[in-house]
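Here is the structure we will look at.
The values are calculated or read from the model by the stated rules, or taken from the named source; none is laboratory data. Since we're looking at a predicted model, the values are computed, not measured. Every residue, glycine as well, gets a Cβ built from its backbone with ideal geometry; the counts of neighbours run over all protein chains shown. Ligands, DNA and RNA are stripped out before the accessible areas are found, and what is left, the full protein with its side chains, is counted by its heavy atoms. Shrake-Rupley method; radii C 1.70, N 1.55, O 1.52, S 1.80 Å.
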Amino acid sequence: MRTIIHDLQEQEFAGWLGDTAQEEVTVISDSGAIRSCMGCFGCWTRTPGTCVIKRDGYDNLGELFSRSDELMIISKCMYGSYSPFVLNVLNRSLSYMLPYFVTTHGETHHRPRYKHQFKLSVHFYGSDLTEGEQHTARMLVAANGLNLYSSENNVYFHTSPQHIKEALQ
Amino acid sequence: MNIALINGSPKPNGSNSGILLSMLEPLIADGNELHPYTPNKRPLTPEEYSELCRMDVLVLAFPLYYDGIPSHLFQLLVTLEGYLKTEREREIYVYALINNGFYEGQQNHIAVEILKNWCARAGVHFGQAIGQGAGEMLGSLDKVPLGRGPLKNLGRAMYSLAESIQSRSAGESLLFSPNFPRFAWKFYSTRSFWHRTARENGLKPKDLRRRM
């Protein structure tokens with residue numbers, strides 16, 4: 001299954017899936033209801049595996065990631081980071097990991113909750129991205145991939161969402 | 001100088017970012033007006049965004065989330081960029097106090113780069129950042145004086161940051177681990193934090209590994 005997280009307007013994203021509608025795809029988009037992570041660690045110590053914020057529809061992201069073969073992110077690149085909505089979704093998916101730590105190559109990371117790996121593909125868009133921002137974004141995705149135990153990471157930069165659509169079809 | 005102290009933790013109370021700000025405050029209080037902002041409790045108002053444009057210094061304290069800046073604080077920065085572009089009339093310096101859950105403070109380096117990129121877009125000066133590893137330890141070290149024991153590195157960095165703020169100058173960003181062995185920190189975090197919290201919530205340690 002492919003999971004797509006994007007920050008586009010519904011109308012803007014309509015028709016993107018095209019022929020890929022044959023495969024199983026779950027799309028996470030901005031319904032306007034998402035609440036921010038509260039930093040409570042409840043997804044680790046109160047309701048392990050799910051977020052304690054239940055009413056906005058973004059509480060089972062960790063479990064969704066565990067069923068995904070590919071996690072595709074489509075985001076405006078802002079200062080070398082994801083846009084606020086995409087960041088919010090990622091922040092709310094903390095339950096994908098365990099709270100426990102493991103040290104690998106001299107660095108501490110969280111242990112995985114699931115015996116699972118997905119491919120991480122990130123499509124950033126922006127018309128005036130600086131080299132510094134692109135460099136930062138590459139480092140960010142690499143670090144995310146390491147912490148999420150992704151099987152591979154790919155980062156692409158596009159000047160507009162339309163160019164991403166063309167590249168994907 | 002007018003200095004804004006922005007607590008960028010998503011926790012409404014008892015945040016490590018709040019602890020770090022409370023350590024910094026006495027070091028920069030002399031001769032300056034300190035203005036606390038708590039977007040972790042409620043979003044800033046338009047008037048507060050305008051106030052930030054009239055500050056001499058912005059200090060952002062936040063935890064590392066997904067190798068970057070927490071989303072609610074990131075949204076604040078996006079909004080503030082817009083205000084700064086239209087309302088800023090003076091030179092503003094930005095400093096950061098970051099803490100991360102992993103042991104190595106070095107893992108804060110991408111958040112520092114994101115903040116530098118934001119400063120360039122917003123037309124403000126990046127001053128300096130300090131990044132404390134194993135930030136969750138801070139809450140249990142309230143009896144330890146800054147600069148002593150596990151807080152030795154933090155003390156050194158905090159004094160450097162305070163000096164940079166006082167002189168509104170740029171300094172080398174300092175990312176560091178606590179003066180505490182990593183194996184002991186891992187043991188402590190598992191037994192005294194995660195397992196204890198699980199029991200307080202009526203769970204057994206093995207429940208924490210639940211798969212959905």
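Within the stretch A:90-105, the set of residues being touching a residue at least 40 places away in the same chain (Cβ under 8 Å) and either surrounded by fewer than 19 Cβ atoms within 10 Å (Cβ to Cβ) or within 7 Å of chain B (Cβ to nearest Cβ) (or both) comprises A:LEU90, A:ASN91, A:LEU98, A:PRO99.
Residue count for the stretch B:44-60 under the criterion of being in a strand (DSSP E or B) and touching a Ser or Thr at 6+ places or on another chain (Cβ under 8 Å): the result is 0.
The residue that is modelled with the lowest pLDDT, counting only those in the stretch A:11-25 that are under 16 Å from A:SER75 (Cα atoms) and either open to solvent by less than 50 Å² (accessible area, probe 1.4 Å) or within 18 Å of the chain's Cα centre (by Cα) (or both), is A:TRP16.
Does B:ARG121 satisfy being within 14 Å of chain A (Cβ to nearest Cβ), outside any helix (DSSP H, G or I), touching a helix residue (DSSP H, G or I) at 6+ places or on another chain (Cβ under 9 Å) and charged (D, E, K, R)? Spelling it out, it is not the case that B:ARG121 is within 14 Å of chain A (Cβ to nearest Cβ), outside any helix (DSSP H, G or I), touching a helix residue (DSSP H, G or I) at 6+ places or on another chain (Cβ under 9 Å) and charged (D, E, K, R).
Collect the residues in the stretch B:64-98 that are surrounded by 19 or more Cβ atoms within 10 Å (Cβ to Cβ) and within 7 Å of chain A (Cβ to nearest Cβ), keeping them in residue-number order.
B:TYR65, B:TYR66, B:ASP67, B:GLY68, B:ILE69, B:PRO70, B:SER71, B:HIS72, B:PHE74, B:GLN75
Beta carbons closer than 6 Å, at least 6 apart along the sequence or on distinct chains, pair a first residue in the stretch A:27-49 that is more than 7 Å from chain B (Cβ to nearest Cβ) with a second that is surrounded by fewer than 20 Cβ atoms within 10 Å (Cβ to Cβ) for A:ALA33/A:ASP56; A:ILE34/A:ASP56; A:ARG35/A:ILE53; A:ARG35/A:ASP56; A:GLY42/A:VAL52. Is the stretch B:133-148 home to any residue that is open to solvent by less than 50 Å² (accessible area, probe 1.4 Å), within 14 Å of another protein chain (Cβ to nearest Cβ) and under 28 Å from B:TYR49 (Cβ atoms)? Looking through the stretch B:133-148, at least one residue is open to solvent by less than 50 Å² (accessible area, probe 1.4 Å), within 14 Å of another protein chain (Cβ to nearest Cβ) and under 28 Å from B:TYR49 (Cβ atoms). Among the residues making up the stretch A:74-89, those that are out of contact with any Cys (no Cβ under 9 Å at 6 or more places or on another chain), facing another protein chain (nearest Cβ under 7 Å) and assigned to a helix (DSSP H, G or I) are A:PRO84, A:LEU87. Taking the stretch B:173-212 as the range and being at the interface with chain A (Cβ under 9 Å from one of its Cβ atoms) and touching a Phe, Trp or Tyr at 6+ places or on another chain (Cβ under 8 Å) as the test, the residues that pass are B:ARG182, B:TRP185, B:LYS186, B:SER189, B:THR190, B:TRP194, B:THR197, B:LEU208, B:ARG211.
The residue of the stretch A:110-144 that is farthest from B:ALA134 (Cα to Cα), among those that are facing another protein chain (nearest Cβ under 10 Å) and open to solvent by less than 10 Å² (accessible area, probe 1.4 Å), is A:GLU133.
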